[in-house]
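Written out below as structure tokens is the structure these notes cover.
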Amino acid sequence: MSKFAATLAIAGALLSGSATAEPAKPTVVLVHGAFADSSSWNGVTEILQKDGYRVVAAANPLRSVTNDAAYVSDVVGSIEGPVVLVGHSYGGTVISAAANGHDNVKSLVYVAAFAPQAGETTAGLAGKFPGGTLGAALAAPVKLADGGVDLYIDQAKFREQFAHDVPAEQTALMAAGQRPITEAALNEQTGKPAWTSLPSWFIYGDGDKNIPAKALGFMADRAGSKRTVVIEGGSHVVMVSQPQKVADIIEEAAQ
């Protein structure tokens, strides 16, 4: 083969390779819920980044569904390319609203999360089935200047209520750094959810004490979950105690 022919062959191979190159992976936007913060996603983030995903762990304000969803919507709107939107707990309520109007959001993942229908509230769904014990674990409300109240979990009850499958040393730090949510946010009615038009995946633990497993299963079935993973004995923070399993289902939703 002449040098010219060999050069053409190499160039053709390179062009062929670039034409069949895999598309860029979507950005994963992680939205924490009440009594947590963005660091609750650290274990999941580490796995996703190692696997080549860009990750944004958004700081959910936890002030109201309307304002929180608007903030996350702005984050999503700043991202070029496809997005997988992931919510934990109340963060599920937020992503259900925040994804609306964004063509780049390709899928939703609910991690021990609420997936409300239009007109429902987070608090109402939490009490729809028996088994939740959050109310008895809350500390005295913090009164706010605007007349509202912030809710925290009593630090002494935090591990048993929120994260019984996480080491005590770690839950002590989580309890001290927990982000409060307003009572108003938990009782705000929601609009049309994005899960009615986008594919969704669900993962949760059957030992969840914040949201009863029956409620989580009900919401997953209603949303037409593509796949639902139930972690035996898992607490409300399966993204902390089982980051690999949570990362796996996020990557499945990203395909």
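Every read-out reported here was derived from the displayed coordinates using simple, explicitly stated rules and does not represent laboratory data. Since we're looking at a predicted model, the values are computed, not measured. FYI the Cβ positions are ideal-geometry reconstructions off the backbone, even for glycines, and counts take in every protein chain you see.
Can you give me the ranges of the helices (runs of 4 or more DSSP H) entirely in the range 146-255 with at least 2 residues that are within 16 Å of residue 111 (Cα to Cα) and of a type outside the set (Gly, Ala, Ser)? Walk me through how you get there before you give the answer.
Numbers: elements: 158-162, 168-176, 183-186, 213-222, 238-241, 243-254.
Ranges flagged: 213-222, 238-241, 243-254.
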Requested in this report: Would you please name the residue that is nearest to the chain's Cα centre (by Cα), looking only at residues in the range 128-183 that are closer than 13 Å to residue 34 by Cβ and of a type in the set (Phe, Trp, Tyr)?
Outcome: 162
Report task. Can you work out which of the residues in the range 169-185 that are loosely packed, with under 13 Cβ neighbours inside 10 Å and among the small types (Gly, Ala, Ser) is farthest from residue 159 (Cα to Cα)? Result -> 177
Query raised in the report: Got at least one residue in the range 118-132 being surrounded by 14 or more Cβ atoms within 10 Å (Cβ to Cβ) and touching a strand residue (DSSP E or B) at 6+ places or on another chain (Cβ under 6 Å)?
Result: no
Query - Residue in the range 90-129 that is nearest to residue 26 (Cα to Cα), counting only those that are in contact with a His (Cβ under 9 Å, 6 or more places away or on another chain) and of a type in the set (Gly, Ala, Ser) - result: 91
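Looking at the structure I just gave you, is residue 93 in contact with a Ser or Thr (Cβ under 6 Å, 6 or more places away or on another chain) and assigned to a helix (DSSP H, G or I)? Can you show your working first?
On the way: in contact with a Ser or Thr (Cβ under 6 Å, 6 or more places away or on another chain): yes; assigned to a helix (DSSP H, G or I): yes.
Criteria met by residue 93.
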Requested in this report: Return the pairs, sorted by first residue and then second, in which the second residue is part of a loop (DSSP other than H, G, I, E, B) and of a type in the set (Phe, Trp, Tyr), the first residue lies in the range 172-201 and is within 20 Å of residue 40 (Cα to Cα), the beta carbons are less than 7 Å apart, and the residues are 6+ apart or on different chains.
Outcome: 178/35; 178/152; 179/35; 180/152
